[in-house]
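To start, the structure itself, in structure tokens.
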Amino acid sequence: MLIFRPYRLECNALDCQGCEDSASRFECYRNKAVVVEAPVTHPELTESTINSEPIISEPEPEIEIETTSNTTEEVSTPSCPEPNEDVAELPKKEATPSTINNISIEESNQPTEYEVFRANAMAEKERVSQEKLDKVLTYTKQNLVLYLNETDLNRLCGYITEYYLSDTMPKVELIKVDAQLKTIDIMHFGWNIGKAFGKSRLQTATFIKRVFAHTLRDSEISTIERKMSHAESECKIKLDRKIA
């Protein structure tokens, strides 16, 4: 800023005539001035600077940002939760212990060659056994349907099934057949089913003695065992080796 300070000098103007009056003197002062440089000051700014309290900037929270180069940068940003490492990095597909255990369990559950062969053999044995039983039951119904009522015939088939599947003699109630069947007919019937099942003569004789107690009331088990395979011309039930 430039400040003009007047000072008194003798007027050398040609037309000044001594600068007697005040107006003339003012003109002289106005025409002669000294230029002085002074520092620029702004009262308003100065006053506000003096009266204002010092401004202290608060440190902004620092946050660590994980980068792929595993370096940490300090960035002045608003506070936010720390990044999760699992989000920043893709999970690696690795075999967990549970997966390994599951694989081990699956492998242990796989049957061995022996177990496979044994299972197949048992299944085949069961199939053959059931087929044999079905043939004997069919034979029984076809040959005794004329001499037994339906209830007794079904009960007899149940006794025969239990006799075949069990090693012990089943508990039975006697079954009375028609009088047309003789002792030799019941003996032949017993021998036929016993032969198909692979039972001994004694087992078969004991079984038919209990079931057909009325018809075989005059025959001992030993007699039945000995005579059950005798072929006689006059009989309704013939010996049959090819039932099963």
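The values are calculated or read from the model by the stated rules, or taken from the named source; none is laboratory data. All of these numbers come straight from a predicted model, not from anything done at the bench. All Cβ positions, even for glycine, are placed from backbone atoms using ideal geometry, and neighbour counts span all protein chains on display.
If you go through region 201-216 one residue at a time, do you hit one that is exposed (fewer than 13 other Cβ atoms within 10 Å of the Cβ) and without any contact (Cβ under 8 Å) to a residue 12 or more places away in the chain?
The answer is no; no qualifying residue exists.
Which one of these is in a helix (DSSP H, G or I) and out of contact with any helix residue (DSSP H, G or I) (no Cβ under 8 Å at 6 or more places or on another chain): 158, 190?
Selected residue: 158, the only one of 158, 190 that is in a helix (DSSP H, G or I) and out of contact with any helix residue (DSSP H, G or I) (no Cβ under 8 Å at 6 or more places or on another chain).
Only one of 93, 125 is in a loop (DSSP other than H, G, I, E, B) and at pLDDT below 95; which?
After applying the criteria, what remains is 93.
May I ask you to list pairs of residues, at least six apart or on different chains, whose Cβ atoms are under 8 Å apart, with the first in region 229-244 being closer than 14 Å to residue 143 by Cα and the second being hydroxyl-bearing (Ser, Thr, Tyr) and surrounded by 12 or more Cβ atoms within 10 Å (Cβ to Cβ)?
239/229; 240/139; 243/139
Would you be able to tell me the number of residues in region 208-231 that are part of a helix (DSSP H, G or I) and either under 12 Å from residue 175 (Cα atoms) or among the β-branched types (Val, Ile, Thr) (or both)?
7
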